[in-house]
Amino acid sequence: MSASAGTGVAGGVATPARPLRRNYARRYAGFIVPAAVVVVAVIVFPWVFTLYMSVHDWKIGGARSYVGLENYITLFSDERFGWAVLRTLWFTLLAVVAPMVLGVLAAVCFHRKFPLRGVARTIFILPMMATPVAVALVWTMMFHPQLGVLNWILTSLGLPPSAWVYDASTVIPTLVLVETWHWTPLVMLIVLGGLASLPTDPYEAAKIDGANGWQAFRHITLPLLMPFIVVSLIIRTIDALKAFDTIFVITQGGPGTASETINILLYLQAFAFYQMGYASAIVVVFFAIIILLALALLWTRSRARIA
Amino acid sequence: MKRRTLLTATLAAPALVESVGAQQAFDWRRFRGEKIEVSLTANPRSQLLLRHQKEFEELTGIRVGSESIPEQQSRQKVVIEFASGRPSFDVVGISLHVSKRLIGRAKWTTDLRPLIADPTMTSPDFDFDDYGKGAVAYATQPDGRLDTLPEFTDYHIIYWNKEMFDAKGVAYPRTLEEIYTAAKALTDPSKGQYGWVGRGLKNANITLWAAFLIGTKQRDSVSSDMKLLTDTDDAVWASELYTKLMRECAPPGSIGFNWNECQTTFSQGRAAMWLDGVGFAAPLEDKTKSRIAGKVGYGVAPPGPGHHHCGLYGSSFGIPEASRNRGPAWFYAQWATNKINQLRYFTNGAGAPARQSPLRNEEAIRSSHFPREFFDCLIESGRIAYPGLPEIVPVTEFRDTLGVALTNMIGGADIRSELRKATDAFRPVLEKSEQG
């Protein structure tokens, strides 16, 4: 490429300048091909194929037929799907709020200087490093109503035993307990990073103005930490929405359907009942729910930035 | 371990000698140099086959690539691979009680009858008559095709804790109704002891419910003309017995128990009776894992008001129609279910073999660490075995829908209305499936 080509000047004669961007686009278009192929193959094609399947009645091993919106109509009249949506939202709410609250508190604690702080921080983040399936299997053993260590601890303390995941009324909170144990360290790490980057001037000014510790936390630390908290909120929400391994290994959606979230129902329809068409419709609707939640979170994030 | 290997080898010696004799007349090496892929379900039986795979490779010169996958994942993988039209395996382990009808209707696996009838393809010591009639009938499709070779039959028996029965002076139940009477008498929550433990987790719980239903006059959950029979008086009776046992005699939390939680509870001496597959016996007699080793009774399921049966489940080996190595694959299927391997299943407590010869091997029975009672129970159960699940394509949906109803019943819901609701929910699924 000559220099003149870019400036639009050739042999001292002024010619109309051609847009630079257009030239670049034309010359380097080939470079985006590998990325475009990957995006089309792993994102666009699966999505188009999922949409295609969602308007078909297709059971593995059987014939495939076009059914229009029938899968969606069935889905919205399916009581079990409705409950799965509510359960997913309930589980997500709890599995986001509990680690967020505990993670922020832990970050504030670990931000202070105390002996063996490094060791304590390392121990605290250990759960996050464990494989979810292995974690779930260990918790399953601990939840055993007669032989699990948790009920042994409760009864040793003179407290009544709990049915944990073996009762419809306690299964969701118990699964949230596992999620909280597993993912609070992640929130703590993000918020701890935020705390380390906070300026010290506002605290000095607040001290001169006579603010106490709580007031400094409430009016300085929390607002300054808000972008970090929102980031961890987004990550936790996405994680909680897609939670599958822990629930599947521990309860398989039971007792009955008491812990059957959208992911579990989707798995059953696709890989136990082999109803690929119906399962695809669930995927599409679940995606719409996630988009709505993501938009809400992004709106929250922009509000936090403005604040 | 070495002792057991030596013992099995000694017990199998006559079969080995016979096998060597037959081998001289049959060309086991006609496919030497070829390679096959085998997909097995992870269990004690596949472990035995994998351990002895070299025997097959040395006998035939065929190289074997094997995988062993947990049951649930294996079932999904197998179906998805078959549906792709080009499965990666040449031999596959199939759960008959789950996938038989699906695989049979799609004609995914090859009919083995022509291969069995072909003396150039089937070893003279194959002895097809040695396979139990029940096992062969179970593996045979409604159109008469034998599209899988029986490997293992799982009978549902009652494991009972002799010490707990003796302590309370309770006798082993003589009828299905008496299970409840005995369990009730043996339940003492203040001591953390319960008369009963059984599957409560939806889907898994259907096998227990079926154990009661097959004792009724009706016996089946789906009629021969594919009509659902799950809200009848007999179905209500089976559900009532199931619910009473689970609500009044089982440990708290049983509603979420699968077989593994039941096994743990029973092996730790917390429950007096457990009705489940005979293949779960081995850990109960393992002193390092079980507190009741040597105290376990093995009881045949007692008769119900209409029939005397025990639930029959099983697995078999199939060869995909799409396989390019059907010959070597058939050689593998013959080897995997030969008398020696089936005896290995038997002596290692890995489950009831599909062949009858191990059950007649008195020396193996005498030298086993399982009590004589275990083998008697197994042989007697084989005589009264009856398929526990209906042979329909959407069997997993059947288990799921009825399973949810059963958990609702344990939670206190009305039995008849739950059965009606589940039947109404599943009927269109079955009808659609039968329309193809």
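The values are calculated or read from the model by the stated rules, or taken from the named source; none is laboratory data. It should be emphasised that the depicted structure is a prediction, and the values quoted were computed from it without experimental measurement. Note that each Cβ is placed from the backbone with ideal geometry, even for glycine, and that neighbours are counted across all protein chains shown. When the accessible area is computed, the model is the full protein with side chains, heavy atoms only, and any ligands, DNA or RNA have been set aside. Shrake-Rupley method; radii C 1.70, N 1.55, O 1.52, S 1.80 Å.
Annotations
- Using a Förster distance of 51 Å, the FRET efficiency for A:VAL101-B:ASP414 (Cβ separation, nearest 0.05): 0.80
- Within segment A:219-238, backbone nitrogen closer than 16 Å to the virtual label 7 Å beyond the Cα of A:MET128 toward Cβ: A:228-238
- All lysines inside 16 Å of B:LYS35 as judged from Cα atoms, apart from same-chain residues fewer than 8 positions distant: B:LYS54
- ³J(HN,Hα) computed for each position of segment B:70-75 - Karplus, 6.51 cos²θ - 1.76 cosθ + 1.60, integer Hz, glycine/proline x: x, 3, 4, 5, 4, 4
- Cα gyration tensor, segment A:61-105 - rounded (a/c under 1.5), prolate or oblate: prolate
- Rounded to whole Hz, the Karplus (6.51, -1.76, 1.60) HN-Hα couplings of segment B:261-268, x for glycine and proline: 5, 4, 4, 4, 4, 5, 5, 8
- For segment A:75-306, the Cα gyration tensor yields ellipsoid semi-axes of 36, 25, 14 Å (square root of five times each eigenvalue, largest first, whole Å).
- Taking amide hydrogens as placed 1.01 Å from N in the peptide plane, the amide H of B:ALA385 sits under 5 Å from those of B:CYS310, each at least 5 positions away in sequence or on another chain.
- Pairs spanning more than 19 Å between alpha-carbon atoms, out of A:LYS59/A:LYS242; B:LYS162/B:LYS191; B:LYS217/B:LYS421: A:LYS59/A:LYS242; B:LYS217/B:LYS421.
- Lys/Arg +1, Asp/Glu -1 at C-beta; the protein assembly as shown dipole; positive extreme among B:THR243, B:PRO142, A:ILE289: A:ILE289
- Taking 0.36 nm per residue of separation and subtracting the Cα-Cα distance, full extension of the segment from A:VAL39 to A:LEU137 would add 31.7 nm.
- Lys, Arg +1 and Asp, Glu -1 on Cβ, resulting dipole of the protein assembly as shown about Cα centre, debye, nearest 20: 2380 debye
- The alpha carbon centroids of segment B:57-90 and segment B:339-387 are separated by 27 Å.
- Tensor-based shape of segment B:123-248 (alpha-carbon gyration tensor, a/c under 1.5 rounded, otherwise prolate or oblate): oblate
- Counting, for every residue in A:249-255, the Cβ atoms of other protein chains within 10 Å of its Cβ and taking the mean gives 6.
- Taking θ as phi - 60° and the Karplus parameters 6.51, -1.76 and 1.60, the scalar couplings of segment B:133-144 work out to 4, x, 5, 5, 4, 5, 7, 7, 6, x, 8, x Hz in sequence order, x denoting glycine and proline.
- Close amide H contacts of B:GLY306 (hydrogens built in the peptide plane, cut-off under 5 Å, sequence separation of 5 or more or a different chain): B:THR216, B:LYS217.
- Per the accessible-area calculation with a 1.4 Å probe, the total area buried between chain A and chain B rounds to 2400 Å².
- Within segment A:58-82, the residues that become at least 40 Å² less accessible when every protein chain is included than when their own chain is isolated (1.4 Å probe; DNA, RNA and ligands ignored) are A:LYS59, A:ILE60, A:GLY61.
- Three-way shape call for chain B based on the alpha-carbon gyration tensor, with the a/c threshold at 1.5: oblate
- In nm, spacing of pseudo-spin labels at B:ARG360 and B:ALA185 (7 Å Cα→C-beta vector): 4.0 nm
- Segment A:252-307 - Kirkwood radius from inverse mean 1/r over Cα pairs (Å): 13.1 Å
- Peptide-level mean, for B:80-93, of C-beta atoms on other protein chains within 10 Å: 1
- Amide H contacts of B:LYS295: none lie under 5 Å away among residues 5 or more positions distant or on a separate chain (H built 1.01 Å from N in the peptide plane; Pro and chain starts excluded).
- Dipole moment magnitude, nearest 20 debye, chain A about Cα centre, only Lys, Arg, Asp, Glu C-beta charged: 1260 debye
- Relative intensity, log₁₀ I(q)/I(0), of the protein assembly as shown from a Debye sum that treats every alpha carbon as a point, q = 0.05, 0.06, 0.10, 0.11 Å⁻¹: -0.33, -0.47, -1.11, -1.27
- Counting, for every residue in A:267-280, the Cβ atoms of other protein chains within 10 Å of its Cβ and taking the mean gives 3.
- Inter-label distance, nm, simple model (7 Å from Cα along the C-beta direction), B:ALA322/B:VAL136: 3.1 nm
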